Amino acid sequence: MANIKDIAKMAKVSVTTVSRVLNDHPYVSQEKREAVWQAINESNYQKNINAVHLSTGKTHLIGVVLPFSNHPYFGLLLEGIAQEAVKNNYKLVLFQTNYEEARELEALDMLRYKQLDALIICSRICSWTKIRKYSHYGPIVFCEDTRDHPYSATFVDHYKSFEAALEYLADKGHQKIGYCIGRKNGSNSTNRALSYNNFIKRHKFPFRPDYIFEQCLHLEDGENVMKKMTTMKEPPTALLVTSDQVAAGIAAYCLTNHIAIPEELALIGFDNQPISKVMGITTMDIPLVPMGKNLFLQSLSKDVSYKEIDVTLIERTTV
């Protein structure tokens with residue numbers, strides 16, 4: 001395979017001239033430019049992209065870590081990230097972790113070995129202790145509150161948003177309020193649990209561990225929640241669900257089984273997904289596409305910044 005020196009010899013120009021032509025430098029005569037391109041075409045020369053990366057110190061690749069690629073929440077985040085990537089002439093490398101630590105570490109190792117310019121972690125599984133080992137290899141941006149850590153983040157205050165939704169249900173007269181979360185140990189879930197516990201204490205409502213439903217991520221999980229609730233002697237009269245997909249599954253089950261919403265069960269979702277609008281589900285609107293855009297822009301900066309995104313209650317027919 002021809003190299004840049006071979007091209008220079010064939011075109012009867014200097015190596016510097018060939019480099020200028022390859023990088024579209026303006027100060028090359030038309031005659032020499034044509035000679036170089038003729039030599040390139042005749043030799044089927046291909047630019048060594050790895051060498052270019054080494055010379056520029058940039059790959060123009062940004063890694064995006066997300067647990068599931070088929071979940072609407074992460075799909076909208078990714079949409080925002082991808083829109084800004086196109087605008088800034090970057091490509092994305094996706095890492096689906098399924099919340100497996102080893103897969104997240106693979107992405108961090110690619111940053112370490114300079115195969116990526118930066119990393120956006122949409123939902124973290126690694127501990128901060130492990131993350132810190134990679135902090136010097138490039139920007140790492142998070143979709144969670146990192147104000148206690150030196151990493152940029154675009155995030156929602158899940159304590160405040162959960163509190164607002166719970167108080168809304170209490171104002172509607174509900175005392176038996178349960179909630180559904182995806183995973184118990186995530187930082188966002190920890191903040192939600194704290195908000196719920198403080199809400200229960202503040203209103204002097206009894207704490208019912210069986211009102212908390214975990215591993216609720218997909219549409220079918222809503223049906224599983226309802227099957228559990230129908231076996232309870234005192235089921236909650238209202239549910240706060242951290243995913244509109246799960247809330248839609250709950251609403252669909254109630255419709256099929258003649259459980260009146262909101263008369264028998266009030267329902268609030270999260271994210272304001274299209275499905276919540278179609279099914280008339282009251283929800284907390286999180287502007288995920290703008291969040292994704294900001295995450296990408298933060299990944300291009302060496303400066304640490306924090307951006308809190310406001311959450312808005314969208315009132316529909318399920319409360």
Fill in: Surrounding net charge for LYS277, when Lys and Arg each add one and Asp and Glu each subtract one, Cβ distance under 14 Å
-3
Worksheet item: So how strong a dipole does the chain carry about its Cα centre when Lys and Arg Cβ are +1 and Asp and Glu Cβ are -1, to the nearest 20 debye?
Response: 960
Discussion item. Quick check for me: using +1 on Lys/Arg Cβ and -1 on Asp/Glu Cβ, what's the dipole size of segment 232-319 about its Cα centre, in debye to the nearest 20?
Written reply: 260
Fill in: Radius of gyration and maximum dimension Dmax of segment 33-160, Cα, Å
18.0, 65
Worksheet item: Any idea what % of Cα-Cα pairs in segment 213-262 are farther than 18 Å?
Response: 19
Fill in: Dipole moment magnitude, nearest 20 debye, segment 117-226 about Cα centre, only Lys, Arg, Asp, Glu C-beta charged
460
Discussion item. Students often get this wrong, so check it: of LYS9/LYS58; LYS201/LYS227; LYS227/LYS277; LYS114/LYS302, which have C-alpha atoms separated by over 19 Å?
Written reply: LYS9/LYS58; LYS201/LYS227; LYS227/LYS277
Worksheet, complete the sentence: Sorted on mean Cβ neighbours within 10 Å (highest first), peptides 207-214, 219-226 come out as 219-226, 207-214
Worksheet, complete the sentence: In degrees rounded to 10, the 0-90 angle between helix 101-112 Cα long axis and the longest Cα principal axis of the chain is 30
Item to complete: Mind pulling the angle between the C-alpha long axis of helix 244-256 and the longest principal axis of the chain? Nearest 10 degrees, somewhere in 0 to 90.
Response: 40
Practice prompt. For segment 4-47, state the average projected area of the convex hull of the C-alpha atoms over all orientations, rounded to one decimal in nm².
Written response: 2.6
Worksheet item: How big is the C-alpha Rg of the chain next to the rule-of-thumb value 2.2 N^0.38 Å, as a ratio?
Response: 1.32
Worksheet entry | Rounded to 5, the percent of DSSP beta bridges in the chain classed as antiparallel | 10
Discussion item. Compute the distance from the alpha-carbon center of segment 211-267 to that of segment 270-293, in whole Å.
Written reply: 18
Worksheet entry | Computed Rg/Rh of segment 158-285, alpha carbon atoms with Kirkwood Rh | 0.92
Discussion item. Using each residue's phi in segment 129-146, evaluate 6.51 cos²θ - 1.76 cosθ + 1.60 at θ = phi - 60° and report the 3J(HN,Hα) Karplus result to the nearest Hz, with x for Gly and Pro.
Written reply: 4, 6, 4, 4, 5, 10, 5, 8, 9, x, x, 10, 10, 10, 9, 7, 5, 10
Practice prompt. Please sort by residue number the trypsin sites (Lys or Arg not before Pro) in segment 219-253 whose DSSP state is loop and whose Cβ has at most 13 other Cβ atoms within 10 Å.
Written response: LYS233
Worksheet, complete the sentence: So the angle from the long Cα axis of helix 288-299 to the longest Cα principal axis of the chain, reported in degrees to the nearest 10, equals 40
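Readers should treat all values here as calculations from the given coordinates under stated rules, not as data from a laboratory. Source: prediction; values computed, not measured. Because the Cβ atoms are built from the backbone with ideal geometry, glycine has one as well, and the counts that use them run over all protein chains shown.
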